[in-house]
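Trainee: This is the structure I want to talk about, given as structure tokens.
Since every read-out is calculated from the coordinates, none of them should be taken as a lab result. Worth saying up front: this structure is predicted, and the values here are computed from it rather than measured. We place every Cβ from the backbone using ideal geometry, glycine too, and count neighbours over all the protein chains shown.
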Amino acid sequence: MKNYSRVIFVLFSFLFLGNSYAQLEIKPAIGINATNFSEDPVNGETSANVGWQLGGTISFGDKLYGEGGIFWTYKSNEYKSEDETIKFNTEMSGIHIPVMVGYHLLGKGAGFFGLRAFGGASVLILTQVDALELTKDDFNKASWGVFLGAGLDVSILFLDVKYEWSLTDVSSVTSFNVGKAKTLFVTAGVRLSI
């Protein structure tokens, strides 16, 4: 886990120092997400519910840009036993910290219209879990991930869509082994140039 944090820190530092003279934007945002797991637990299956995130990022650069942020994130997933006698939602909340590198395919960030592609790494620091008899101790405290996405800018508004693959297993117990998380994020907000 320390190696992942070092990579994120070095990437963020390099981008910030290399682009410190370029445009800076603060981007408050809100969005929804849907999380599924890579494996079904023993004697049951899971399916994604809609979750949400609230927070923002700071973006710097021009055509090539770096961006880092912090979000309060809520994820939900439904579990059903094979005979459908047991049903419950796995609800997880935490602090999601993404760091990314992006490129403006159309526009340069300051124009009226822009289209972007981006990718990066993230960590979700788990703060709360509600899942029937499972507790926060049954889940990994930090979940590392990588993601790819695209963004659309119209005037001061933006819409980002990204897909994230976790590198860390969701649970730390064999009774609820669901593998890794796969999450679709849709985020919208405002670009405030400084």
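Trainee: Packing-wise, with mean Cβ within 10 Å as the measure, how do 149-162, 38-51 rank, highest first?
Mentor: Numbers: 149-162: 17.0, 38-51: 14.9.
Averaged packing, sorted descending, gives the order 149-162, 38-51.
Trainee: So, with +1 on the Cβ of K and R and -1 on the Cβ of D and E, and no other charges, what is the size of the charge dipole of the range 127-194 about its Cα centre, to the nearest 20 debye?
Mentor: Numbers: 6 positive and 8 negative charges, 46 e Å.
For the range 127-194, the charge dipole is close to 220 debye.
Trainee: Something else now. If eta is 1.306 mPa s and T is 10 °C, what Stokes-Einstein diffusion coefficient results for the range 79-132, Kirkwood Rh from Cα pairs, in µm²/s?
Mentor: Details: Rh = 14.9 Å.
So the translational diffusion coefficient is about 106 µm²/s.
Trainee: Output the relative contact order of the chain, whole-number percent, from Cα pairs under 8 angstrom with separation of 6+ residues.
Mentor: Averaging sequence separation for qualifying contacts and normalising by length gives 22 percent for the chain.
Trainee: How big is the dipole moment of the chain about its Cα centre under a simple scheme where the beta carbon of each Lys and Arg is +1, that of each Asp and Glu is -1, and everything else is neutral? Debye, nearest 20, please.
Mentor: Taking the Cα centre of the chain as origin, the dipole is about 980 debye.
Trainee: What residue among Gly189, Thr85, Ala142 has its Cα farthest toward the positive end of the dipole of the chain, where the charges are +1 on Lys, Arg and -1 on Asp, Glu, each on the Cβ?
Mentor: Projecting each Cα onto the dipole axis, the largest value belongs to Gly189.
Trainee: Mean separation of Cα pairs under 8 Å and 6+ residues apart, divided by the residue count of the range 39-81: what relative contact order is that in percent?
Mentor: Computed value for the range 39-81: 50 percent relative contact order.
Trainee: A follow-up question, please. If you count, for each residue, the other Cβ atoms within 10 Å and average over each peptide, how do 56-63, 85-92 line up from highest to lowest?
Mentor: 56-63, 85-92
Trainee: Could you give the radius of gyration (one decimal) and Dmax (whole number) of the Cα atoms in the range 55-99, in Å?
Mentor: Every Cα atom of the range 55-99 included, Rg and Dmax give 17.8, 55 Å.
Trainee: Per residue, what volume in Å³ does the Cα convex hull of the chain take up?
Mentor: Looking at the chain, the number lands at 99 Å³ per residue.
Trainee: Less than 14 Å Cβ to Cβ from Gly102, Lys/Arg counted +1 and Asp/Glu -1: what total charge do the surrounding residues give?
Mentor: Local charge sum for Gly102: +1.
Trainee: Rounded to a whole number, what is D in µm²/s for the range 40-117 from Stokes-Einstein with the Kirkwood radius over alpha-carbon pairs (4 °C, 1.567 mPa s)?
Mentor: Taking Rh from Cα pairs, D becomes 84 µm²/s.
Trainee: Sorted from largest down, give the three principal axis spans of the alpha carbons of the range 105-194, whole angstrom values.
Mentor: The principal-axis extents, from largest down, are 52, 20, 20 Å.
Trainee: Would you list which lysines come within 29 Å of Lys80, measuring only between C-alpha atoms, while excluding same-chain residues fewer than 8 positions from it?
Mentor: Lys136, Lys141, Lys162, Lys180, Lys182
Trainee: Would you mind counting up the charge near Ser166? Only other residues with Cβ under 15 Å from its Cβ, with Lys and Arg at +1 and Asp and Glu at -1. Write down the numbers at each step before the final one.
Mentor: Values: positive: Lys75, Lys141, Lys162, Lys180, Lys182; negative: Glu39, Glu164, Asp169.
Residues near Ser166 contribute +2 overall.
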